[in-house]
Amino acid sequence: MTEALSPKAIIVTGGAGFIGSNFVHWVVDNQPDVHVTVLDALTYAGNLENLAGIPEDRMSFLHGNICDAELVDELFAKTDAVVHFAAESHNDNSIADPTPFLKTNVEGTFTLLQAARKHDVRFHHISTDEVYGDLALDDPARFTEETPYHPSSPYSSTKASSDMLVRAWVRTYGVQATISNCSNNYGPRQHIEKFIPRQITNILSGIRPKLYGDGKNVRDWIHTEDHSSAVWEILTRGRIGETYLIGADGERNNINVLRAILAEMGKAEDDFDWVRDRPGHDRRYAIDSTKLRTELGWQPKHTDFAKGLAATIKWYEENRAWWESVKQQTEAKYAAQGQ
Ligand code: NAD
Ligand code: TDX
């Protein structure tokens, strides 16, 4: 049995991105004795605004790269635990240019693991359900911790590689690590290149939403706050060397999600464009999170998708300055790809 951990100081890599920043806010709001150090390279996906309003005595921000071994070594010498979110995270970008995915997701994770090993630091690695490949629409199966790895895209293959490195460092060097593989997150502060915020901000900008392929691909949606609470349970009470799948029984196909956005925003249900499909597009993801729920007693709180989606739409309506400056360049990139 692994002893429970009560960290006083944690490092959060990628804490200026979507899920990382929501995790930092969650920790600041729910764990009053914990100090967070964010390590983030502020790539196109990182935004310091995501951490606005956090009191100075609760969080420090360090602008740096997870591939910088010297910097990482220095940081790991003075922390109780690390939660590793930093990654290149967008499938379409990985298809256009896989290079930064190899660098950050594989070499970056390797660099962190070496420092975790040297300083014997508790390490939690954030990964994705995409490492398991995809399921057929009519398959009753869902992914479990025993499902074989079968990644499809450059993005998911680099995430699978990083998971394998973590497992090897646990077994060979005794690194105190856990892994979680989560399904598709939604909520505030998600980059507008991703499906849900792209469609919301398209409508707010007078652009028609864009649906790939036949729109029947299924994603298993979870609110990012539920991801945060699950990560905290695993970090503090999970068994070393174990993998936990995180999901909230939120399977929905893309066309239904888009129709829900259109309806909430007062648009007709066919007011969108069909566009070129993503090459290698995974058909369906579905998570069985029984292990996390039974072993650690975790439960999602945001079980009403319509309510979570309406709140997310409201966030983009109320935070135009956060996304408007990058809307044109994001759409130009898609247009060049026929999407
Ligand atoms: P994101 O793209 O919004 O944020 C990534 C953050 O990492 C950014 O702040 C960026 O500046 C930072 N970063 C990138 N390269 C870096 C480097 N070399 N050094 C330091 N910082 C760097 O990503 P996200 O959607 O918040 O995803 C976070 C993590 O969660 C990723 O590991 C991703 O694989 C995983 N995940 C995401 C989802 C999802 O639905 N978005 C689902 C499951 C798992
Ligand atoms: O404009 C679009 N139209 C569309 O139909 C976009 C951007 C996407 N899609 C489709 C593709 C997918 O079937 O919507 C679905 C969701 O797409 P993304 O938001 O790009 O997410 P996905 O590829 O499923 O990956 C996400 O979940 C798992 C995250 O980006 C990953 O980081 C995470 O690992």
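The values are calculated or read from the model by the stated rules, or taken from the named source; none is laboratory data. For clarity, every value in this text was computed on a predicted model and none was experimentally measured. Here the Cβ positions follow ideal geometry from the backbone for every residue, glycine too, while neighbour counts run over all protein chains shown.
Looking only at residues in the range 143-167 that are polar (S, T, N, Q) and away from ligand 2 (no atom under 13 Å from the Cβ), the one that is nearest to H90 (Cα to Cα) is S161.
None of P148, P140, P188 is in a loop (DSSP other than H, G, I, E, B), out of contact with any Asp or Glu (no Cβ under 9 Å at 6 or more places or on another chain) and farther than 23 Å from A286 by Cβ except P188. For the range 168-175, the criterion of a residue being of a type in the set (S, T, Y), away from ligand 2 (no atom under 11 Å from the Cβ) and at pLDDT 95 or above is satisfied by at least one position. Looking only at the range 71-95, residues that are of a type outside the set (S, T, Y) and within 20 Å of the chain's Cα centre (by Cα) come to 13 in all. Residues of the range 250-270 include at least one that is within 16 Å of ligand 1 (Cβ to nearest atom) and of a type in the set (K, R). If you filter the range 287-307 down to residues that are in contact with a helix residue (DSSP H, G or I) (Cβ under 9 Å, 6 or more places away or on another chain) and assigned to a helix (DSSP H, G or I), you find that the one that is surrounded by the most Cβ atoms within 10 Å (Cβ to Cβ) is L292. Residues in the range 287-319 that are farther than 15 Å from I200 by Cβ and under 19 Å from the mean Cα position of the chain (by Cα): I287, D288, S289, L292, W298, Q299, P300, K301, H302, T303. If you go through the range 268-315 and keep only what is within 16 Å of N254 (Cβ to Cβ) and of a type in the set (D, E, K, R), you end up with E269, D270, D271, D273, R276, D277, R278, D282, R283, R284. Take S60 and decide whether it is out of contact with any Asp or Glu (no Cβ under 8 Å at 6 or more places or on another chain) and within 16 Å of ligand 2 (Cβ to nearest atom). Answer is no for this residue. Among the residues of the range 204-212, at least one is part of a helix (DSSP H, G or I) and more than 30 Å from R237 (Cβ to Cβ). Return yes or no: is Y316 crowded, with 18+ Cβ neighbours inside 10 Å and not in a loop (DSSP other than H, G, I, E, B)? Yes; evaluated as a whole, the condition is true for this residue. If I filter the range 122-157 down to residues being crowded, with 23+ Cβ neighbours inside 10 Å and of a type in the set (A, V, I, L, M), which single residue comes out as farthest from S6 (Cα to Cα)? This residue is V131.
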